[in-house]
Each structure stands twice: as structure tokens, then as C-alpha cells.
1. State whether the residues of region 80-87 include one that is within 16 Å of the ligand (Cβ to nearest atom), open to solvent by less than 60 Å² (accessible area, probe 1.4 Å) and not β-branched (Val, Ile, Thr).
2. For the structure I just gave you, tell me whether ILE29 is of a type in the set (A, V, I, L, M), outside any strand (DSSP E or B) and modelled with pLDDT of 95 or more.
3. Report the residue count in region 5-26 for those that are open to solvent by 40 Å² or more (accessible area, probe 1.4 Å) and either aliphatic (A, V, I, L, M) or outside any helix (DSSP H, G or I) (or both).
4. Of all residues in region 118-158 being loosely packed, with under 14 Cβ neighbours inside 10 Å and among the charged types (D, E, K, R), which is nearest to the ligand (Cβ to nearest atom)?
Amino acid sequence: MAILPIYLDGTEPLRKKAKPVKELDLNTIALIKDMFDTMHAADGIGLAANQVGVLKRIIVVDISGLEETKDIKPFALINPEVIKESGKCAMEEGCLSIPSVRAEVVRPERITVKYRDTNFKEQQLIAEGILARVILHEIDHLNGVLFTDYVPKSKLKEYKDTLEKIKSGEIETRYPVVTNQKVVL
Ligand code: NI
């Protein structure tokens, strides 16, 4: 079990586009396991590889802690791609890379996503509600996009101090992090 430090807003990997995974080697399998450990240690419901400083198109999701989705087992999506989307809905989001900041974001309500599972087998999933939300948020990470990119500046003003603390490495978190100033383990 390895808990990796999570890269915070202001660090480079969060703004880079991750590359497709071509084959499932031992390093990638170990990375996926570490991503689950890291997400669980931070009480997150989703995590993208960029957030642990690795530019591979891999995300992990675990929404089994929420009552309405307790039957959905934790799973990893390799090379996820949205192939269909419909509807729109607003939902409040947060992000382990932007601690203490929460804001409403409008995204598609229902999506069809194509991905490879941990056997590198191609899969398709129709998702809605919180599951669609988490997947869309994490796929954004793989493209260097953060949820705050969608939030109006007027709203982000409320979080000015927090956002500055994150970028200056002064934010306190319950989990190990990398800021653009220092590594806090
Ligand atoms: Ni996030």
C-alpha cells in the first residue's frame, strides 16, 4: 500500500494533458493500486493520475460511501472517453487538489463513456447523477482542466485567501500534498 502525495492547484501536472495508456504493464497496475490507496486515504470519491503527478490517462472512482450509490463498486477507468452526453445539471463540486473550495458547476447529466478496465478490456458505461459527475470531473483533470475553470471570478473571490494559501503552500490538509512551493508529507 502506498499513499502518494496529491498535487495541488498551482503545480504543473494539473495543467498538462495526460497521455493514453498503450499497455497494462506492472508499473501501471501498481500505479492504479496506489491511486486507490491515495484516494481512500484522502476520503476522495475520484482521483486522476495527474493529481499524483503522473501524466497517464487513468482515473479511479469510488462512490460506494454514498448511500444512493453504495452498490457501485470502486473501479478504474483507463483511457476514458465520453462518446455521448445529454442534458445539463448543476451540482456542487470540490477537488482534492483544491482543498476547502466548493462551487456549483453545470455539466451534462447523462454520459456514455468508453474506457479500458484493469484487464485492459474495452468497456462502455452509461452514467448519470453523481457517477457521471465524478467521471467528467476526473476526465477534465486528464486534460489539464480544473473545476474552478468553470466558476465565475465573482464566486471564486469568496475563496481568494484559500486559493492563495494553496498556491503559496500554506494550506493545511489531512493528506500528503505537493504544492508549487514544497512537498508536505
Ligand atoms: Ni479534482
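1. So the first thing to find is which residues in region 80-87 are within 16 Å of the ligand (Cβ to nearest atom), and the list is 80.
This time we only want the ones that are open to solvent by less than 60 Å² (accessible area, probe 1.4 Å), so: 80.
Next cut, not β-branched (Val, Ile, Thr) only: 80.
Checked region 80-87: at least one residue is within 16 Å of the ligand (Cβ to nearest atom), open to solvent by less than 60 Å² (accessible area, probe 1.4 Å) and not β-branched (Val, Ile, Thr).
2. On the way: of a type in the set (A, V, I, L, M): yes; outside any strand (DSSP E or B): yes; modelled with pLDDT of 95 or more: yes.
So ILE29 fits the description; yes.
3. Taking region 5-26 and keeping what is open to solvent by 40 Å² or more (accessible area, probe 1.4 Å), we get 7, 12, 15-17, 19-20, 22-26.
Remaining after also requiring either aliphatic (A, V, I, L, M) or outside any helix (DSSP H, G or I) (or both): 7, 16-17, 19-20, 22-26.
Residues that pass the stated criteria total 10.
4. ASP149
The values are calculated or read from the model by the stated rules, or taken from the named source; none is laboratory data. A quick note: this is a predicted structure, and the numbers were derived from the prediction, not measured. We place every Cβ from the backbone using ideal geometry, glycine too, and count neighbours over all the protein chains shown. Remember, those area values only see protein heavy atoms, side chains included, never the ligands or the DNA or RNA. Shrake-Rupley method; radii C 1.70, N 1.55, O 1.52, S 1.80 Å.
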